[in-house]
Amino acid sequence: MAPRKQVQVQSPDVEYGEEAILARVQYETALCQRDGDAVVVTPKRRRLEVRTVRRPHRVGAMLVGWGGNNGTTLTAALLANRAGLRWETREGERRADWLGSLTQSATLKLGMDAEGRDVWVPLNTMVPMVDPDDLEVDGWDISGLNLEDAARRNRVLDVEVQRALAAQLRELKPRPAAFNAAFVAANQQERADNLLAGTTAQQLQRLREDIRDFKQRKALDMVVVVWTANTERFSEVRPGLNDTADNLLAAIDRGDAEVSSSTLYAVASVLEGCTFINGSPQNTFVPGCVELAQRHGTHIVGDDLKTGQTKLKSVLVDFLVGAGIKPTSIVSYNHLGNNDGRNLSAPHTFQSKEISKRNVVDDVVESNSLLYAPGEHPDHVVVIKYVPYVGDSKRAMDEYTSELLFGGRHTLAIHNTCEDSLLAAPLLLDLVVLAEFCSRVSFRAHGSQEDFVPFHSVLGLLSYLVKAPLVPKDTPVVNSLFRQRACIENVLRACVGLAPDSNLLLEHKLS
Ligand code: NAD
């Protein structure tokens, strides 16, 4: 794909330096104090400087679970787009694209032209971002199948696409994996033929060496590690095990069985200075792991990719509650027939998924005290069943029942069918692209001589892409999809000295 032209802002508040874009912006918030029923608000204004390094890192993604549905689909999409692949389908010719990717296929409203018409630009033209064509990929899997065979097993990609990419996919073979079988369904053991030997501490060293090896072979200056392997059960969190960084490292050293594989990969990544993204629901980021990331100043992002049902839920419930309608019951049924579904058929892994799917409406419900009394909550049930025949084509059926005026009932029934991995792969790309972008942005108070401060280790900015956003301790979780997207847009705007879009459009509203 030809590189897109970058947006250029002409303003005394922006300097496009050789190395970095330096922007000055006003950050406005409102400090609210409750006094009984009354609320007293004090507007707060701060001038900030935002610094964005212009040159993206030469970045590589290491996928844990590379041979899985998401891993093979993302890899095939990268190869297909790089080659500008075209193939025949029964509906005619199709060309590789990045539909479903926020960074590659979505736009934001930049402003208005002289005639008062909205001007929209691709998100990735606001500031320089990694081009997917330049992204290197590598990874681990407990199954030693090369990616050609893995893609055939996964039954996601069109046969024509598999054929066109076969030679390249065949060359890609996952590295041996660290595997704690107690954390996933017993049925996953059948594919586990590509495992690291040795103690947990030795496995940690091997994972670290793998990261260094990939970095060196591909001459990379940044590696992002993404967990897109099976959903694990939650690990116990207890003092002495994983409550602090030192206790977690000690638990790894003594080979404690309660250290999950995902936490082990996360620790290896942090110790190698890599960003780690958790694409599954389990509590990979136990307190000790979060502390370790903070200690090393690396970024972590979690948890669980937000693809279909949850994305829609975070939009619908936001809309209903925002409209003053009261959702009282939300019931979500899923069935799917891929390996993810097979793994989720065990109660302990299902529970992780259930928790990550269930919490998504909490902040929206809490936002409206006119509808819900303190502690009141809609009934919210999530069911997931494994049905092999439907393969990766997941079915999600949701029923939302709400209360209306005069005790009326409002029921929405939604049926959602699509290949799960085709939704997930663009999200994985976005997570890597945006995580890399975040590593180049820093802030300080205007006029300060202090060093610029990067984003917090827990990268809450990427909440838009994950089901159960991990945020820094004692900070609020935002689930509303619109607010999450607006946050990304507004950070991009701030990087080039633009105020958040107020949507006032007074130009069109005054007489
Ligand atoms: P998958 O089962 O096809 O792939 C997972 C891969 O991980 C498998 O190839 C497996 O062999 C490998 N694996 C398991 N344990 C491993 C370990 N310790 N080290 C290395 N590899 C390991 O599943 P998928 O459909 O690709 O989904 C991957 C994850 O993403 C799942 O946890 C799923 O819940 C999550 N997720 C997927 C979606 C989606 O829409 N596809 C959405 C949200 C979350």
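Just so you know, all these numbers are worked out from the coordinates, no wet-lab data involved. All figures in this text were calculated on a predicted structure; none of them were measured in a lab. Positions of Cβ are backbone-derived with ideal geometry, glycine not excepted, and every protein chain shown enters the neighbour counts.
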Report summary line: For segment 1-64, the Cα convex hull volume per residue in Å³ comes to 221
Query raised in the report: Computed over the Cα atoms of segment 115-258, what is the ratio Rg over Rh, Rh following Kirkwood?
Result: 1.07
Query raised in the report: Taking the simple approach of a point 7 Å from Cα along Cα-to-Cβ for both ASP158 and ALA250, what is their distance in nm?
Result: 5.7
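What helices does the chain hold that run 20 Å or longer along their axis, going by alpha-carbon atoms, with a Kyte-Doolittle average of 1.6 or more, using DSSP H for the helix calls?
The qualifying helices are 420-438.
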**Report entry** Inter-label distance for GLU450 and LEU510, nm, one decimal - labels placed 7 Å from Cα along Cα-to-Cβ
**Finding:** 3.8
Query raised in the report: For segment 38-46, what does the Karplus curve 6.51 cos²θ - 1.76 cosθ + 1.60, with θ = phi - 60°, yield as ³J(HN,Hα) per residue in whole Hz, taken in order and with x for Gly and Pro?
Result: 7, 10, 10, 10, 10, x, 10, 10, 10
Report summary line: Taking alpha-carbon centroids only, segment 70-108 lies from segment 124-167 a number of Å equal to 11
Report summary line: Semi-axes of segment 224-357 from the Cα gyration tensor (sqrt of 5 times each eigenvalue, largest first, whole Å) come to 31, 18, 14
Report summary line: The equivalent-ellipsoid semi-axes of the chain, taken as the square roots of five times the Cα gyration tensor eigenvalues and listed largest first in whole Å, are 35, 29, 26
Query - Beta bridges by DSSP in the chain, antiparallel share as percent, to the nearest 5 - result: 65
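Loop-only check: which GluC sites (Glu not before Pro) in segment 362-400 are DSSP coil with at most 15 other Cβ within 10 angstrom?
When the GluC sites (Glu not before Pro) of segment 362-400 are filtered for loop state and at most 15 Cβ neighbours within 10 Å, GLU376 remain.
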Query raised in the report: Which GluC sites (Glu not before Pro) from segment 424-511 combine a DSSP loop assignment with at most 15 other Cβ atoms within 10 Å?
Result: GLU450
Query raised in the report: At a Förster distance of 25 Å, what's the computed FRET efficiency of LYS385 paired with CYS418, Cβ-Cβ distance as r, to 0.05?
Result: 0.90
**Report entry** Under-5 Å amide H pairs with MET112, H placed in peptide plane, nonlocal only
**Finding:** VAL119
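Helix-only estimate, please: 222 nm mean residue ellipticity of the chain, summing -39500 (n - 2.57) across DSSP H runs of length 4 or more and dividing by its residues, to the nearest 500.
Using -39500 (n - 2.57) per qualifying helix, the result is -9500 deg cm²/dmol.
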**Report entry** Restricting segment 228-292 to chymotrypsin sites (Phe, Trp or Tyr not before Pro) in coil, as DSSP defines it, with at most 11 other Cβ within 10 Å
**Finding:** none
Query raised in the report: Under the Karplus relation 6.51 cos²θ - 1.76 cosθ + 1.60, θ = phi - 60°, what is the ordered set of whole-Hz ³J(HN,Hα) values for segment 12-21, x standing for Gly and Pro?
Result: x, 8, 10, 10, 8, x, 4, 8, 9, 9
Report summary line: Label model pair GLN8, ARG95: point-to-point distance (7 angstrom along the Cα→beta-carbon line) in nm is 2.8
